[in-house]
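Data block below; observations after.
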Amino acid sequence: MRLRTFDEPLELDLTTYAVIGHELLHDRSLYADLWDHKPPAIHVVYAAADLLVGYGPQQIYLLNLTAAVVTLFGLFRAGTLLTSQAGGLCAALLWAIGSTFRDWLANQPNTEAFINAALIWAYCAFLSLNASPSWKGACAFGAAVAVASLFKQIVVAPAGLIGIVYVLGAGGSPGGRGRAVRHMLLASVVSSLPWAGCAAWFWGRGHYSDYHDAVFTYNRLYAGSMLANLQANLVPARLGLLALALAPCLVVLGFAGPALGPVRRKGWVGLAAWAVGSFIAIALPGHLWAHYLQLWLPIYALAGGALVAVLLTRRGRSGWAVLAAMLVPLVTRQALDLRLDGDAWSWSKYGNNQYCDSRDTGRAIAALVPPDESFYLLGNKTGLYFYSGRSPASGVFYDFPLARGSPLSARLEARILDDLERRPPELIVVEPGYLAPLGGQPAQNAQRLVSWVSQHYVACGSFSPRFTRYARRGSDLARRLAEES
């Protein structure tokens, strides 16, 4: 399902992670040099894939396949524990067919793909804890949550609600609730340890303030008021996504609850809590990008597959009818998507050719700039670095933190200017509107960067209407491009 989009032009999140991962392998420092506002796990996995198979689309495919398969087996395990092996197989089948959902950009490995891979195993640990409470199970739950949180902190919402369900559901036996509280306290400690390790690591390298500013200070700006964000998501379209996840849970608990047994009943309540937590997690950042909605996909697959298994056991033919009702639209959609090549897939997701243009421009830069030279982009299409194979002249290589209102704009602009002064790149590429992703207008401080470029570089045509070329004044590149024009 994913091989067919192996050559799809990649969007800016993926190329940002790939560039950072590649530069980490060449001794540049995360946050202190290579700036991004995500926790470190996404950069580490991209660096690991680069180390294993090299820098390029093959590393994206490896990560894509790995995250999907880890989630696939997690869904099989969860569906089996929640219902039966039939439930596990149905959940895995629905995931395999539906997990590349184009409208949610789910065919490529953004952070949500790795969050899903970790959260499904956290849910499996929750199911095992219900069946056989143990300290080992609590540690497994905490470890899975820790992995997920190192991709994005928002997983605290679904993990916290699942933990509350475990505690509340443990009151049926003497001392059960107290033991459950202790288990969740242990899980909290386990899930916090990697964060403490990150803080200690960056502190030891003298980069703690850079780490804290990027991952915490900037993200508070990015999210704004989380309560207001949650309220903004209480609209029919987004509540409908939650209702779709809750419906199988309510149906099973309403019609088959007494016959399920206490362990599986708590499993279904926990699945409903995961759904509510994911609704909150998607709302918290305050920017509803399509890839955030990927967090629904394993919940839908598990809820749908487990519902089919329950119906097969109790209602026979109705289970097959429900499975067919789920599979027919999924298979039809995928059959239609099979007609698209990588470029058409990209066009259909974004409604324009911005990432096709980024890929083609990156390749043109590779032909223009020698391998030992760097260039710099004033914009956010980090695919130019990925497809050219050239290192960014500054580790602050996309423009989001420079936008108006960012508490880091003045400091990061000074870092960029220092980098460019020390090692002036031959080429600067300018993307129209490059300073307006957050605030809508360029930040005042960024005018220093614009002024510096105008003083030291001269316009030399363009790669496309989206990307204008500026060559360093007096350089061989400036002479060559002037002669060509």
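The values are calculated or read from the model by the stated rules, or taken from the named source; none is laboratory data. Quick caveat: nothing in here was measured; it's all calculated off a predicted structure. Methodologically, a virtual Cβ is constructed for each residue, glycine included, from the backbone with ideal geometry; neighbour enumeration extends over all protein chains shown.
Taking the criterion of being acidic (Asp, Glu) and assigned to a helix (DSSP H, G or I), the residues of region 330-373 that qualify are 337, 343, 357, 360.
This table checks each residue for (1) at pLDDT below 90; (2) assigned to a strand (DSSP E or B); (3) touching a helix residue (DSSP H, G or I) at 6+ places or on another chain (Cβ under 8 Å).
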position	(1), (2), (3)
405	yes, no, yes
412	no, no, yes
432	yes, no, no
438	yes, no, yes
448	yes, no, yes
458	no, yes, yes
470	no, yes, yes
480	yes, no, no
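Among the conditions (1) more than 22 Å from the chain's Cα centre (by Cα); (2) modelled with pLDDT under 95, residue 244 misses just one, which is (2). Among the residues making up region 380-410, those that are touching a residue at least 60 places away in the same chain (Cβ under 8 Å) and more than 20 Å from residue 56 (Cα to Cα) are 396, 400, 401, 405, 406, 407, 408.
From the list 237, 159, 200, 170, the one residue that fits, being farther than 30 Å from residue 32 by Cα and exposed (fewer than 13 other Cβ atoms within 10 Å of the Cβ), is 237. The number of residues in region 326-369 that are farther than 16 Å from residue 7 by Cβ, small (Gly, Ala, Ser) and surrounded by 12 or more Cβ atoms within 10 Å (Cβ to Cβ) comes to 2.
Within region 470-485, residues that are in the same structural domain as residue 379 (by TED's automatic domain parsing) reach partners that are charged (D, E, K, R) and assigned to a loop (DSSP other than H, G, I, E, B) with beta carbons closer than 7 Å, at six or more positions or on different chains, in the pairs 471/426; 472/426; 475/426; 477/426. Among the residues making up region 68-91, those that are of a type outside the set (S, T, N, Q), surrounded by 24 or more Cβ atoms within 10 Å (Cβ to Cβ) and more than 21 Å from residue 132 (Cα to Cα) are 90, 91.
Please tell me if residue 4 is in a helix (DSSP H, G or I), within 26 Å of residue 311 (Cβ to Cβ) and not hydrophobic (A, V, I, L, M, F, W, C). No. Exactly one residue among 44, 53 is free of Cβ contacts under 8 Å to residues at least 60 places away in the same chain, over 24 Å from residue 198 (Cβ atoms) and among the aliphatic types (A, V, I, L, M), and that residue is 53. Condition check: at pLDDT 95 or above, part of a helix (DSSP H, G or I) and within 30 Å of residue 7 (Cα to Cα). Does residue 129 satisfy that? Criteria not met by residue 129. Among the residues making up region 128-155, those that are in contact (Cβ under 8 Å) with a residue 60 or more places away in the chain and within 20 Å of the chain's Cα centre (by Cα) are 147, 149, 150, 151, 152, 153, 154, 155.
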